[in-house]
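Every number here is computed from the coordinates shown, using simple stated rules; none is lab data. Quantities reported herein were computed from a predicted structural model and do not represent experimental measurements. Here Cβ is always computed from backbone atoms with ideal geometry, including for glycine, and neighbour counts include all displayed protein chains.
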Amino acid sequence: MKIIESPEELQKVTSNYRVQGKKIGFVPTMGFLHEGHEQLIRQAKQQNEIVVLSIFVNPLQFGEGEDLNHYPRDEEHDKEVARKLGVDIIFFPTVKNMYPTEPAIKLTVTKRTNVLCGKSRPGHFGGVVTVLAKLFHLCQPSSAYFGMKDAQQVAVVEALVNDLNFPVEIVPVPTVREPDGLAKSSRNVNLSPQEREEASAILKALQSGRKMIQDGETGIENVKTAVNTFIENNTHGKIDYIELLSYPSLEPVDKPMGQMILATAVKFERARLIDNLVFDSNGEII
Ligand code: PAF
């Protein structure tokens, strides 16, 4: 496994692989790898000849009050996981490597961001797509892997590659879950034992909303209210949002149609959990 810090060196190495006709799979991360990341790496490994993993805590996607300096890091553990899973290259740049001077160009995302988590994080997705544009140029992947737990990020990244014609296939990878259905997240350790037990109600609530649509419910507000009531009745968490939108365009819908996302964010004492289901107008999971 090669560990590369320099953007120029990564671009040289990946150019060589491209000349040799090798398929490169790319897993961009901010490190502190968990099982969700492992799943992305495993899938990239199955579908490509070379796997590049980037670990970079991107300052551009942190807003005011979001503590960049306290973002969890564990380089040794991350290298160990990458080695175990057969990653070929870890790209581990410093902030100076990636942004030697204050960037003169930053991308702005004009759609898909004023809903769900994007609503309370102005500028966040602009930072995400700016760093991904750089990373795609450096890594030159055929495919890049993203977890559906952050379905809004997947929708925004799809818009990035479509709008700016990146020759990269975006591969959405299903959310990895605990046996009781709770989406795996590094934040779950911050739940108290009682909250941890209650948290499995989040997926159950989303599933009950999906079932309503499957059974013919056409009122979007009715579905959202039922999900809301389920979470309120089964947890002490505070609901941040419950939304039912078109997917991946993330626009409001009047009635079930096409691909949709039913998503929620719930705040517990020391952890804010997000989860979602993406399905069609018959309620079939996609
Ligand atoms: O999902 C993440 O960890 C980050 O947003 C990403 C895609 C690595 C960009 O910094």
Gyration tensor (alpha-carbon) shape descriptor, the range 99-227, a/c threshold 1.5: prolate
Can you compute the charge dipole magnitude of the chain about its Cα centre, using +1 on each Lys and Arg Cβ and -1 on each Asp and Glu Cβ, nothing else charged? Give it in debye, rounded to the nearest 20. 520
Set the Förster distance to 30 Å, then compute FRET efficiency between ASN69 and ARG177 from the Cβ-Cβ distance, nearest 0.05. 0.45
What is the local net charge at GLU49, summed over the other residues whose Cβ is closer than 12 Å to its Cβ (Lys, Arg +1; Asp, Glu -1)? +3
Between SER15 and GLU251, what is 0.36 nm times their sequence separation minus the Cα-Cα distance? Round to one decimal in nm. 81.1 nm
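Treat every Asp and Glu Cβ in the range 35-126 as -1 and every Lys and Arg Cβ as +1, leave all other atoms uncharged, and give the resulting dipole magnitude about the Cα centre to the nearest 20 debye.
440
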Projected onto the charge dipole of the range 129-235 (+1 at Lys/Arg Cβ, -1 at Asp/Glu Cβ, origin at the Cα centre), which of ASN190, GLN207, PHE230 gives the Cα projection farthest towards the positive end? ASN190
How are the Cα pair distances of the chain distributed, in percent, across 5 Å bins from 0? 1, 5, 12, 15, 18, 17, 14, 10, 6, 3, 1, 0
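Using alpha-carbon pairs under 8 Å, 6+ residues apart, how would you state the relative contact order of the range 1-124 in percent? Working shown, then result.
On the way: 153 pairs, mean separation 41.5, N = 124.
Once divided by the residue count of the range 1-124, the mean separation gives 33 percent.
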Checked the range 167-230 with the C-alpha gyration tensor, a ≥ b ≥ c its square-rooted eigenvalues, rounded below a/c of 1.5, otherwise prolate if a/b is larger than b/c and oblate if not; verdict oblate
Tell me the net charge near MET1. Cut-off is 11 Å between Cβ atoms, MET1 excluded, with +1 for each Lys or Arg and -1 for each Asp or Glu. +2
Would you mind counting up the charge near ASP150? Only other residues with Cβ under 14 Å from its Cβ, with Lys and Arg at +1 and Asp and Glu at -1. +4
Work from the charge dipole of the range 1-107 (Cβ charges, +1 for Lys and Arg, -1 for Asp and Glu, about the Cα centre) and give the residue of ASN58, LEU107, ALA82 farthest towards its positive end. ALA82
Give me the log10 of I(q) over I(0) for the range 38-160 at q = 0.09, 0.19, 0.20, 0.21 Å⁻¹, as the Debye formula computes it from C-alpha points; what are the numbers? -0.27, -1.27, -1.38, -1.47
Among GLY123, VAL95, ALA133 the positive-end extreme of the charge dipole of the range 76-148 (Cβ point charges): GLY123
For the range 158-281, give the magnitude of the charge dipole about the Cα centre (Cβ charges: +1 Lys/Arg, -1 Asp/Glu; no others), in debye to the nearest 20. 380
On Cα atoms only, tilt of 151-163 relative to the major axis of the chain in degrees: 50
For a test of the definition: using alpha carbon positions, the gyration tensor, and the 1.5 limit on a/c, classify the range 1-71 as rounded, prolate or oblate. oblate
Please work out how many pairs of lysine residues in the range 142-258 are eight or more positions apart (or on different chains) and have Cα atoms closer than 21 angstrom. 13
